[in-house]
1. Across the stretch 123-176, which residue is nearest to residue 42 (Cα to Cα) among those that are of a type in the set (Phe, Trp, Tyr) and buried (at least 20 other Cβ atoms within 10 Å of the Cβ)?
2. Does residue 45 satisfy being over 25 Å from residue 143 (Cα atoms) and surrounded by fewer than 17 Cβ atoms within 10 Å (Cβ to Cβ)?
3. Which of (1) modelled with pLDDT of 90 or more; (2) under 21 Å from residue 187 (Cα atoms) is the odd one out, the single condition residue 47 does not satisfy?
4. Do you know which residues across the stretch 101-120 are of a type in the set (A, V, I, L, M, F, W, C) and free of Cβ contacts under 8 Å to residues at least 40 places away in the same chain?
5. Within the stretch 181-237, track down each residue that is under 30 Å from residue 16 (Cα atoms), in a helix (DSSP H, G or I), modelled with pLDDT under 75 and not acidic (Asp, Glu).
6. Please specify each residue of the stretch 82-114 satisfying the condition of being loosely packed, with under 15 Cβ neighbours inside 10 Å and not basic (Lys, Arg).
7. Tell me the helices (runs of 4 or more DSSP H) entirely within the stretch 86-176 that contain at least 2 residues that are closer than 25 Å to residue 13 by Cβ.
8. Can you pull out every residue in the stretch 13-61 that is under 16 Å from the mean Cα position of the chain (by Cα) and closer than 16 Å to residue 104 by Cα?
Amino acid sequence: MVTTMKTAMLTIQEKHNFIYFMLFFFFYYFIMSVYFSFFPIWLADVNHLSKTETGMVFSSISFFAIVFQPLFGLISDKLGLRKHLLWSITILLILFAPFFIFVLSPLLQFNMYAGALAGGLYLGFVFSSGSGAVEAFIERVSRANYFEYGRVLVSGCVGWAICASLTGILFSIDPNITFWIASGFAVVLAILLFLSRPESNMNAQVMDKLGANRRAFSLKMAAELLVMPRFWAFIVYVIGVASIYDFFDQQFANFFKVFCQPATRY
């Protein structure tokens, strides 16, 4: 079993990977917070969607998340430490502002169903499913480079908190400002991804060879999960927890906004 090491004991390449992916988490979750924190308000106030229409947009996002997540899991296992999937997510994030301003908003106002489909496809790819792919990749890099995954992950929490604290002011001035900031930080993600060298070192490669006699991953192995009762129990648990969590994210912004509006006289 490969154990983590103190940062001071890491090689230069391992230290660089630690720093690059810590910053990657920070900026990725900063961008995600731009979407999660203000998307319901943006739909209602900027695009004038009703609560029912807003729910349909989120349903579309959830649908594409269900479609993409199993695919991303299979692709991530096949790619290993190769960065192809992260490059796809990063390039789409660079287009964050153009997509919201010039594609999604006009589509929602022209045809809500077309906008919901486009928004679900894009946001389901880069966030609802993409976040899991990003976390799985960086966790794999942490094991190959002997640094603690938790230390890297905490930077994402900091990025989310800073975004939620600062961009609310900018959003009240002009929502497009926050979108362009997100696209700018996505360029930073691309630079960090280009500079990173997540290839495993010789010791990690030796450990992988020691486990080479295990069963190779295949679709048949994945299908075998479907006959395991504990797998379905876990699915039910995740669906219940995730549904409540997503419902909170979707509705809290609009719920909280009610307390900031002038009292209505009857």
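The values are calculated or read from the model by the stated rules, or taken from the named source; none is laboratory data. All of these numbers come straight from a predicted model, not from anything done at the bench. With ideal geometry, Cβ positions are generated from the backbone for all residues, glycine too; neighbour counts draw on all protein chains shown.
1. Let us first name the residues in the stretch 123-176 that are of a type in the set (Phe, Trp, Tyr), namely 125, 127, 137, 146-147, 149, 160, 171.
Pick out the ones that are also buried (at least 20 other Cβ atoms within 10 Å of the Cβ) and you get 125, 127, 137, 146-147, 160, 171.
Details: 125: 20, 127: 17, 137: 31, 146: 42, 147: 39, 160: 18, 171: 9 Å.
Out of the qualifying residues, it is 171.
2. Details: over 25 Å from residue 143 (Cα atoms): yes; surrounded by fewer than 17 Cβ atoms within 10 Å (Cβ to Cβ): yes.
Judged against the criteria, residue 45 is a match.
3. (2)
4. First pass over the stretch 101-120, keeping only residues of a type in the set (A, V, I, L, M, F, W, C): 101-104, 107-108, 110, 112, 114, 116-118.
Across the stretch 101-120, the qualifying residues are 102, 103, 104, 107, 110, 114, 118.
5. Keep residues of the stretch 181-237 that are under 30 Å from residue 16 (Cα atoms), which gives 181-212.
Applying the additional criterion that residues be in a helix (DSSP H, G or I) yields 181-195, 202-210.
Remaining after also requiring modelled with pLDDT under 75: 202-210.
The answer is 202, 203, 204, 205, 206, 207, 209, 210.
6. Quick first cut of the stretch 82-114, residues loosely packed, with under 15 Cβ neighbours inside 10 Å only: 82, 84, 87, 91, 98, 102, 106, 109-111, 113-114.
Within the stretch 82-114, 84, 87, 91, 98, 102, 106, 109, 110, 111, 113, 114 meet the criteria.
7. Details: elements: 105-110, 112-123, 130-145, 149-173.
Once the helices (runs of 4 or more DSSP H) in the stretch 86-176 are filtered for at least 2 residues that are closer than 25 Å to residue 13 by Cβ, what remains is 130-145, 149-173.
8. 34, 35, 36, 38, 39, 58, 61
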